[in-house]
Amino acid sequence: MHIIPSGDILCARIEGIDLQQALTPADIKTILIALGRHGVLCFPRQTLDVDAFAAFGQCFGGLEINVANMFHEPNHPEVMILSNIKKDGKQIGLGDAGQGWHTDMSYSELIALTTILHAQKVPLQNGVPLGNTEFRDMHTAYDDLPADVKAAIEGRTATHDFDKFWEMMRARPGNTRPPLTAAQRAKKPPVSHPIAYTHPVTGKKVLYCTIGYVTHIDGMPAKESAELLDFLWRHQDQEKYLYAHRWTEGDVLMWDDIGTTHNAVADYGDNPRYMRRVQVLASLDYPAMVA
Ligand code: SIN
């Protein structure tokens, strides 16, 4: 395996590994350490099938079955299809996934360590890829916080709610997402997590508080909570933390859901895009795995 940093604030390319083949414990350790260090990892030119893609994800933790679970690969409810493609007039995948800054599964009691996408079809315009995925580096965003803000969030938790992002998407013109059912809501009730979150791989604190899912800071008067959140969201939104991934078909892109936030850029209209996705729960003992 060769790990080649992008030179940007996030991302390294990993060459010399075929993800169709089973990983060794040493491979898994190397990839985890690289994920903590670079936040986003791109494995280019991968041709793995759905079974191997799911098996790759499982090396890093249990795989989530999405609460809305509308579109997935046959026999693989844990492998979601993100796509704007229609067959016989019907959507074959979730067409608007991740279009807003967030991090996956912060709304869950057991949060995600990583999300992994495999690019099957990348929209192009005059040979230039559209539909970038943008990331921001929350290790550096935390480090850069003023001392008084670090003190204000220390030991504090915020509430994350799946329905916040869902409703934000539904409010967009032309959106076809149905409201969540009571049963779906009950499966993912709002949860609290530390705002200054200790990353299980790097052991460092990150800013874990996205505009996509966080509704308020627990135990703080509403006005103070809203003002502090407004500061934290504007702070993390700075260009200096940004990395935009330009996709190439065959890319397997793995990102750190604790140390980064992300946003899917919806600039491709009906130009076809097709991604397979697994969301990997932070269910393993990562400090032991990287020791
Ligand atoms: C996501 O947020 O999981 C989707 C990202 C993308 O499709 O670019």
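The values are calculated or read from the model by the stated rules, or taken from the named source; none is laboratory data. Remember, predicted model here, so these are calculated numbers, not experimental data. No Cβ is skipped: glycine too gets one built from the backbone with ideal geometry, and neighbour counts run over all protein chains shown.
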| query | If we scan the stretch 235-248, do we find a residue that is within 15 Å of the ligand (Cβ to nearest atom), over 13 Å from the mean Cα position of the chain (by Cα), of a type in the set (Gly, Ala, Ser) and outside any strand (DSSP E or B)? | reply | no
| message | Please go through the stretch 109-123 and give me each residue that is surrounded by 21 or more Cβ atoms within 10 Å (Cβ to Cβ) and either within 10 Å of the ligand (Cβ to nearest atom) or not β-branched (Val, Ile, Thr) (or both), ordered by number. | response | ALA112, LEU113, THR115, ILE116, LEU117, HIS118, ALA119
| remark: Within the stretch 259-273, residues being more than 10 Å from the ligand (Cβ to nearest atom) and either farther than 18 Å from GLN236 by Cβ or among the acidic types (Asp, Glu) (or both) number 6
| request: Give the stretch 108-153 a look and list any residue that's more than 18 Å from the chain's Cα centre (by Cα) and of a type in the set (Gly, Ala, Ser), or say none. | output: GLY127, ALA147, ALA151, ALA152
| task | Test ASP256 against the criterion of being within 16 Å of the ligand (Cβ to nearest atom) and not aliphatic (A, V, I, L, M), and give yes or no. | result | yes
| message | Every residue in the stretch 265-291 that is within 25 Å of LYS121 (Cβ to Cβ) and touching a Leu at 6+ places or on another chain (Cβ under 8 Å), please. | response | VAL265, ASP267, TYR268, ASN271, ARG273, TYR274, MET275, ARG276, ARG277, VAL278, GLN279, VAL280
| All but one of (1) surrounded by 17 or more Cβ atoms within 10 Å (Cβ to Cβ); (2) closer than 30 Å to ILE31 by Cα; (3) small (Gly, Ala, Ser) hold for SER283; which doesn't? | (1)
| remark: Restricted to the stretch 249-267 and to residues being of a type in the set (A, V, I, L, M) and assigned to a strand (DSSP E or B), the residue surrounded by the most Cβ atoms within 10 Å (Cβ to Cβ) is MET254
| query | Does GLY95 satisfy being under 17 Å from the mean Cα position of the chain (by Cα) and modelled with pLDDT of 95 or more? | reply | no
| query | What are the pairs, 6+ residues apart or on separate chains, where a residue within the stretch 179-191 that is over 16 Å from MET168 (Cβ atoms) has its Cβ under 6 Å from a residue that is at pLDDT 90 or above? | reply | VAL191/GLU109; VAL191/HIS160
| query | Residues in the stretch 95-107: is at least one in a strand (DSSP E or B), within 14 Å of the ligand (Cβ to nearest atom), in contact (Cβ under 8 Å) with a residue 12 or more places away in the chain and under 17 Å from ARG273 (Cβ atoms)? | reply | no
| note | Going through the stretch 130-168 in order, the residues found to be of a type in the set (Ser, Thr, Tyr) and touching a Pro at 6+ places or on another chain (Cβ under 8 Å) are THR157, THR159
| field | Close pairs from the stretch 58-87: first under 23 Å from ASP161 (Cβ atoms) and within 14 Å of the ligand (Cβ to nearest atom), partner in a loop (DSSP other than H, G, I, E, B) and among the small types (Gly, Ala, Ser), Cβ under 8 Å, at least 6 apart | value | GLU64/SER108; PHE71/GLY93; MET80/GLY93; MET80/ALA97; LEU82/GLY93; LEU82/GLY95; LEU82/ALA97; LEU82/GLY98
| query | Is at least one residue of the stretch 20-27 under 22 Å from THR260 (Cα atoms) and in contact with a Phe, Trp or Tyr (Cβ under 9 Å, 6 or more places away or on another chain)? | reply | no
